[in-house]
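Okay, so here's the structure we're looking at.
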Amino acid sequence: MPQEARSSTPSTQWSTYKLDTPVQFVKGVGPRLSTIFAKHNIKTVKDLLTFFPRTYEDRSEFVKIAQLRVGQKATLRLKILYTKKIPIRSRPKPLFEAICSDGYQTISLKFFNPYHGIETQFTKNREITVSGVAKINYSHFDHFDHFEMLHPEIIWDQATNINVGRIIPIYIEIENLSNRLLRKILWEAIQKFSSAFTEDLPIEILKKHSLPQLSQAIQMIH
């Protein structure tokens with residue numbers, strides 16, 4: 001392999017975790033996404049880690065269906081009862097609907113533009129975590145369903161997921177990159193690079209005012 005190629009690989013030139021490392025070497029980014037980030041002045045790991053959330057969403061607690069309010073964004077732990085596809089005359093794809101239960105009541109999850117193979121994930125009795133906005137279900141297909149969520153975010157594996165069980169960051173939109181993807185990329189960067197931030201304040205000042213070190217603050221922000 002030519003020397004030039006070897007020197008440009010992440011395992012050599014960028015093997016140490018430095019804040020000036022090009023963002024493309026963060027796990028999950030690569031050349032294509034780094035081009036998108038560059039349009040928003042995110043070119044290095046430092047740029048990425050100082051790309052702060054615009055707000056936060058509390059997903060630290062689950063609610064029951066009976067506690068939902070119309071227009072409320074909530075996170076629920078559900079079990080899939082059954083699914084079905086409903087043809088819609090004005091749309092090329094049928095509506096995909098999953099009827100789920102929290103053990104007491106049911107809720108309808110609806111997807112008007114379902115991705116290919118969605119039915120293979122929504123299997124009967126599978127437990128999922130759902131985050132979305134509660135709406136009144138005016139459908140006549142299942143008269144017992146009072147609430148519904150349209151295109152909710154589905155968290156398949158709660159135990160290892162950074163999108164639930166905590167207060168999650170919400171970032172400004174960057175082209176077609178979802179917040180879910182941004183959180184994953186930021187999480188990867190935090191694990192490897194946040195310790196590279198050097199502290200400017202004396203340790204005595206931090207202790208006196210109960211302030212976190214800069215590296216800890218970066219982790220807490222995201």
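Read-outs: derived from the displayed coordinates by stated rules, not from any lab. Computed from a predicted structure; not experimentally measured. For neighbour counting, all protein chains shown are included, and Cβ atoms are generated from backbone atoms with ideal geometry for every residue, glycine included.
Label segment 36-97 by shape, choosing from rounded, prolate and oblate, from the square roots a ≥ b ≥ c of the eigenvalues of the Cα gyration tensor; if a/c is under 1.5 it is rounded, and otherwise prolate applies when a/b is larger than b/c, oblate when it is not. Because a/c hits 1.5 or more and a/b fails to exceed b/c, segment 36-97 counts as oblate.
Across segment 90-101, rounded Karplus estimates of 3J(HN,Hα) from the backbone phi angles (6.51 cos²θ - 1.76 cosθ + 1.60, θ = phi - 60°) give 8, 10, x, 9, x, 5, 9, 10, 10, 8, 10, 9 Hz, Gly and Pro being marked x. If the Kirkwood radius is taken over C-alpha pairs of the chain, then at 10 °C and 1.306 mPa s the Stokes-Einstein diffusion coefficient equals 78 µm²/s.
Could you give the Stokes-Einstein D for segment 65-155 in µm² per second, using the C-alpha Kirkwood radius, 10 °C, 1.306 mPa s?
Rounded to a whole number, D works out at 120 µm²/s.
Which residue, 70, 26, 216, has the largest displacement toward the positive end of the dipole of the chain when charges sit on each Cβ (Lys, Arg +1; Asp, Glu -1)? Most positive-ward Cα: 70. Round to the nearest 10 and give me the degree value, 0 to 90, for the angle of helix 179-193's Cα axis relative to the longest principal axis of the chain. For 179-193 against the chain, the angle is about 30 degrees.
Here the Gaussian network model covers the chain, with springs between Cα atoms less than 10 Å apart; of 54, 89, 183, 89 fluctuates the most.
Summarised in one figure, the compactness ratio Rg/Rh of segment 147-207, Cα atoms and Kirkwood Rh, is 1.12. Placing unit charges on the Cβ atoms of the charged side chains and taking the dipole of the chain about its Cα centre, the candidate lying farthest along the positive direction among 203, 138, 55 is 138.
Each label was represented as a point 7 Å from its Cα along the Cα-to-Cβ direction; for residue 220 and residue 35 these points are 4.0 nm apart. Only beta bridges with both residues in the chain are counted; by DSSP, about 90 percent of them are antiparallel.
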